[in-house]
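See below for the structure under consideration.
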Amino acid sequence: MANELVGLVGFLVMLALIALRVPVAIAMIGVAVVGYAYIVSPDAALARLGADAFRGASLYSLSVIPFFILMGMVLANANLGRDVYVALDRFLWRVRGGLSVATIAASTMFASVSGSSIASASTMSRVAVPEMQRYGYDDGLSAASAAVGGTLGSLIPPSALLVLYGVLTAEPIGQVLIAGFLPGLMTALILMVTAWLLVRRRPSLAPTQPERPEITVAGAVRLVWAVPAIFAISMGGLYFGVFTPTESGAAGAFLALLYALATRRLTLRRFYAAVNDSIKVSAQIFLLMIAGQMFGFFLAVTRIPMWLGRTISDIDLTPWLVVVMIFAIYFVLGAVMDEIAILVIMTPMMYPVVIDLGYDGIWFGVLTMMMLLTGLLTPPIGLITFVVSGLTGIPLSKVFRGLTPFWLALCLAILLVIAFPAIATYLPSLMQ
Amino acid sequence: MTPGMPEPSPNGDADAADAAAAAGAPAGLTLQDLQRQHGDRFGQGLARVTMVLHVGAGVTLVALLAWTVTDIVGRSFFGNPLRGTVELTELAVVVLVYLGLARVESQDAHISVDLLYVRLGRRAQLGLRAFAGVVGFLVVAVMTWRLYVYAGQLDAGGYTTGIRRVPLYPVALLGVAGAAAFGLSILTNLVLVVRSLVRGR
Amino acid sequence: GSEPAGDLTADEDGGVTATDDDATATEDDAAATDDDAAAEDFGDDVTLTFGHPFPPTDPMQVNVWEPWVEEVREATGGTVDIEIHAGGALAPGPQVYENVVAGAQDLGWTMPGYTPGRFPITQIIEAPFVFDGAIEGTEVATELWNEFDAFQEEFSDTKVLSLWAMDTGDLFTRDTPVEQLEDLEGLTIRSPAPLQSQALEAMGANAVSMPGPDIYDAVERGVIDGYKLANSATRVFDLGGTTAYRTICNCYTGAFVLAMSQQAWDRLSPAQQDALESLTGPDLAMRLAEGHQGAADDTEATYWPENDVESIELDPEEFDRMRDAVQPVFDQWIQEMESAGVPGQEMADRLFELTGAN
Ligand code: NA
Ligand code: NA
């Protein structure tokens, strides 16, 4: 069998194993070892396995991930989401459809520092949706507002997913992280404008204007100042070259911990839960990362990436069409598979192709993340939609209908980043 | 955690699944059901061991945080960073990952795809679990074995870190311990599944 | 190749397919009539895997290894084929040597400095302030290798085909010129190897060990204030833009090794072994050293001026002060060697005698 064919068979077997509910990392490691043994030699495959199991986790560039996760877990366990919403509502209540706009803004802000789409969507479902319902907001719009902002958590730094992309592609991690900031901010604005436009076009979606919230502006600032402060120190330190990515993660986690303990938002019990969850999630991600590296080496000896690149240049497609096709694949996978798994499986194959076509690696990373986050909202998996639907009691069909305009807005944001790559590459270029 | 509040998670499918389950999404047969119905003393003992490993991982994470912050402060304000921070960080991450793995398994918290699983009947779900258990156990057993062999190479070759000359093999052995507990957890869960299949409930 | 193992293995492995192989070999031989090698019987066809952690675009890969693979093929009448897997496809840098030991790959090119603790004796090739270039480093390495059994024993679990030194590395800094020992105080400097870390610390700097490809980001971010690195590698990693100063100090020489697994060596016929030996050893080492030195000279002539890297010539007295500051590191190395039963003192004496560095 030609090596490329072995690679293809291996890839299909891996997908089959995953479909049969074998954990993604286990399926990747198993196929990688067997395939590598077949192509190179069993001795080499076994030697590789032992070394990669150790060295694959022992990379300094990966060490930022547990810190980012810890920062997120601390902030989420500190129940900051509710306060962020209350504060933003104070600033946005006068806007038409203001509750919806505030919900999107709050979930974006909370998800970006906590990194957790699920925590963000579930907090907003419990806090913001009842408020919107009280003022007669449309169910679909309410649910969609709670669901959509959280997806930006893995695009706006800090983001464990962007770090993974950087490690998988050897793009500078600091720059990859910073690259997500402007596109994330832009997308959040587009989503908020979408909500505003929707309500303007159809006032029945938000029939009554709420009264001024009881909290004062100063009180609102007091509630949330820590979130932008922690973000500014952690990401600003990274941007201005004071911190390595790992140090920016440690600084963020430490400040989050300090703030949450000092304000008594975090009891010892919750601190324990935050650490506990961080370990669990870190272990999951690292196992997948080790698996991704092993699978990448397997792919390298199959020479599939080269074959793919050659084939694509032989067909002589317009480069942007290739990119669109790649994203179509991501989109389909995003509907059925976890976004970290897609990232780890697909990046080693697609990245060389995109680079060959002359595109920027950091730009591609940002777009990858944007494609993956739409997957969180699409049926049949769309986890966030389940969470929102379950917690609010709003039927799934209504949630999806409410999401449709936002989903189109996400596509618009993606198109903008494709058309104007500088949105992604401008900030990182200043770091050089 | 407040009851009903889904565990926050940046991207973990497991927590997401918990959240989805709490929120009423179809989750299918859960491992917790099986543990309730068919758990035994060995499983409980192993759960205690994985708990201890998990606490070890948590302590490592917090210690690493303290170390890194001290290093930043020392470097920024006193021009005096801690020696060997980079290499110690790398080793600490290996420790916290491997010591945490067993608990991921014992909580059925892997990143996996439930698309087919949730559409199947109970027996078919058990069948898939058994299959995944066998594959998982084989892969993790071989990985544990090779990690052990690798630890031997590190020991025999006298491998150390570059600055502090910390020997690498004890760290690799901690990895072996974690991987072994991970494999045993998979096996225990596999036994639960098979027991449930045989008993037909 | 004095052992008959090659023949035995070939006979055992050959079996039914032996005739086929012979037929192929004869055809190849017939095709290469001009070649002296064609007359000899080289035995069965062998394909060797050759893995290294350096990029496929590495100058040594392109200028030395790819032609060398051709030469080996010709010298063995087409019977020995070598497949190069660059970029760590067979094993990451720190694992290359163990992979060769285990026979998981047949040939490996790596730096002993990647694996602290594994090759304590070889560190002498990385001694600071000693070698003025790749050629001298390689000549001395060859001398010491031939004179000291202990040095060879450090690699006793493989067949070492060549051992050589890279071009000298100076001390590069981002924005602090280092003109005297005190200038190093408190600077965080990337170190390429364990002995270098100790030397940096002895000079008052904070040493950080990190792989070559990570230097750019670290120095750019100001995580490190400078780095020790082979001069030619400053261009490979394109560090010019991040670097303002180079202190000429012969601070460092990286050692390289080309190792072959014993099992793979035994698989070769005596004729194949002879051919491979004639194309490796000190000759190949010198060819590689010349390649490194050429790249270093070119870097100095064109790359640094283009990137405004200012070279600082050390005052001879200052050089001696630095040299004295790291004397304890030499002493410690000697003491550690002696206590492990290795003639460290004798090796160090010979090193200084050969280089005139002391
Ligand atoms: Na984020
Ligand atoms: Na410069």
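The values are calculated or read from the model by the stated rules, or taken from the named source; none is laboratory data. Computed from a prediction, not measured in an experiment: that's the story for all the values here. Glycine also receives a Cβ, built like all others from the backbone with ideal geometry; neighbour counts cover every protein chain displayed. We work out accessible area using only protein heavy atoms, side chains counted, and drop any ligands, DNA or RNA first. Shrake-Rupley method; radii C 1.70, N 1.55, O 1.52, S 1.80 Å.
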Which members of segment A:63-117 meet the condition of being out of contact with any helix residue (DSSP H, G or I) (no Cβ under 6 Å at 6 or more places or on another chain) and either farther than 20 Å from A:Ala256 by Cα or crowded, with 24+ Cβ neighbours inside 10 Å (or both)? A:Leu80, A:Phe91, A:Trp93, A:Arg94
Could you tell me which of the residues B:Gly39, B:Gly58, B:Gly28 is facing another protein chain (nearest Cβ under 9 Å) and farther than 24 Å from C:Pro116 by Cβ? B:Gly58
Residue satisfying all of: in segment A:187-216; among the β-branched types (Val, Ile, Thr) and at pLDDT below 90; farthest from A:Leu427 (Cα to Cα) among these: A:Thr208
So, in segment B:95-135, how many residues would count as being more than 9 Å from chain A (Cβ to nearest Cβ), outside any helix (DSSP H, G or I) and not acidic (Asp, Glu)? 2
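Residue check: is A:Ala106 within 16 Å of ligand 1 (Cβ to nearest atom), more than 10 Å from chain B (Cβ to nearest Cβ) and of a type in the set (A, V, I, L, M, F, W, C)?
For A:Ala106, the condition - within 16 Å of ligand 1 (Cβ to nearest atom), more than 10 Å from chain B (Cβ to nearest Cβ) and of a type in the set (A, V, I, L, M, F, W, C) - is met.
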Identify, from the list C:Glu143, C:Glu136, the residue that is farther than 17 Å from C:Ser311 by Cβ, in contact with a strand residue (DSSP E or B) (Cβ under 9 Å, 6 or more places away or on another chain), open to solvent by 30 Å² or more (accessible area, probe 1.4 Å) and assigned to a helix (DSSP H, G or I). C:Glu136
May I ask you to list pairs of residues, at least six apart or on different chains, whose Cβ atoms are under 7 Å apart, with the first in segment A:282-301 being part of a helix (DSSP H, G or I) and the second being aromatic (Phe, Trp, Tyr)? A:Phe297/A:Tyr36; A:Phe298/A:Tyr36; A:Val301/A:Tyr36
Which numbered condition in (1) in a helix (DSSP H, G or I); (2) touching a residue at least 24 places away in the same chain (Cβ under 8 Å); (3) hydroxyl-bearing (Ser, Thr, Tyr) is the only one that A:Thr378 fails? (1)
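Every residue, every condition in (1) among the small types (Gly, Ala, Ser); (2) out of contact with any Pro (no Cβ under 8 Å at 6 or more places or on another chain); (3) away from ligand 2 (no atom under 16 Å from the Cβ), yes or no:
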| residue | (1), (2), (3) |
| --- | --- |
| A:Leu62 | no, yes, yes |
| A:Ile65 | no, yes, yes |
| A:Ile69 | no, no, yes |
| A:Val86 | no, no, yes |
| A:Leu92 | no, yes, yes |
| A:Gly98 | yes, no, yes |
| A:Ile104 | no, yes, yes |
| A:Leu155 | no, no, yes |
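Where in segment A:1-99 are there helices (runs of 4 or more DSSP H), lying fully within it, with 2 or more residues that are facing another protein chain (nearest Cβ under 7 Å)?
Details: elements: A:3-19, A:24-39, A:42-55, A:64-77, A:80-92.
Passing ranges, in order: A:3-19, A:24-39, A:42-55, A:64-77.
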Residues that are in contact (Cβ under 8 Å) with a residue 60 or more places away in the chain and away from ligand 2 (no atom under 16 Å from the Cβ): does segment C:211-223 have at least one? yes
Can you list the helices (runs of 4 or more DSSP H) found entirely within segment A:147-261 that contain at least 2 residues being open to solvent by 10 Å² or more (accessible area, probe 1.4 Å) and away from ligand 1 (no atom under 16 Å from the Cβ)? A:160-169, A:181-201, A:217-224
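Kindly establish whether B:Ile72 is assigned to a loop (DSSP other than H, G, I, E, B) and either modelled with pLDDT under 95 or more than 9 Å from chain A (Cβ to nearest Cβ) (or both).
Values: assigned to a loop (DSSP other than H, G, I, E, B): no; either modelled with pLDDT under 95 or more than 9 Å from chain A (Cβ to nearest Cβ) (or both): yes.
So B:Ile72 does not fit the description; no.
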Restricting attention to segment C:224-243, which residues are closer than 21 Å to C:Glu300 by Cα, open to solvent by less than 30 Å² (accessible area, probe 1.4 Å) and either of a type outside the set (S, T, N, Q) or away from ligand 2 (no atom under 16 Å from the Cβ) (or both)? C:Gly226, C:Tyr227, C:Lys228, C:Leu229, C:Ala230, C:Ser232, C:Ala233, C:Leu239, C:Gly240
Of these, C:Ala202, C:Ala193, C:Ala150, C:Ala207, which one is aliphatic (A, V, I, L, M), at negative phi and more than 14 Å from chain B (Cβ to nearest Cβ)? C:Ala150
